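The values are calculated or read from the model by the stated rules, or taken from the named source; none is laboratory data. On a predicted model such as this, the values are computed, not experimentally measured, just so you know. FYI the Cβ positions are ideal-geometry reconstructions off the backbone, even for glycines, and counts take in every protein chain you see. Accessible surface areas use protein heavy atoms only, side chains included; no ligands, DNA or RNA. Shrake-Rupley method; radii C 1.70, N 1.55, O 1.52, S 1.80 Å.
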Amino acid sequence: MLVVVGIFSTFGPAPGSVEGLIYTTLPVGGQLGGLIEVLAQALLLAVVLFYWVNHPEKRWLSWTLGGFFRARAHLLRVGLLPGLRGSISPSRPATVLRTIPAIPP
């Protein structure tokens, strides 16, 4: 049920979804190749979490999943830092806004 709702019937025309097959110009083979990857990742996540919930005495799995979460959160912060340097701040309130071209009426 979750695969149908979350992967095949997304809100936008994502590759591999029903809307993606209808509204995008990507070849069907390319979309199905990406769909196989997404389904494999979802299945792997479901199996690992199912095992983790049913075996709470496995401390190594809790530490491993916590380490992956912390590593992902750290990489997200590091990746966002360069973008924050160019954003609007109290010391430079309009420098970014001046670089956006005006749209003619």
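Observations on the model:
- Condition check for ARG72: more than 29 Å from GLY16 (Cα to Cα) and either open to solvent by 50 Å² or more (accessible area, probe 1.4 Å) or not small (Gly, Ala, Ser) (or both): no
- Criterion: open to solvent by 70 Å² or more (accessible area, probe 1.4 Å), closer than 30 Å to THR64 by Cβ and without any contact (Cβ under 8 Å) to a residue 60 or more places away in the chain - qualifying residue of TYR23, TYR51: TYR51
- Of all the criteria given as (1) surrounded by 12 or more Cβ atoms within 10 Å (Cβ to Cβ); (2) without any contact (Cβ under 8 Å) to a residue 24 or more places away in the chain, the one not satisfied by ILE7 is (2).
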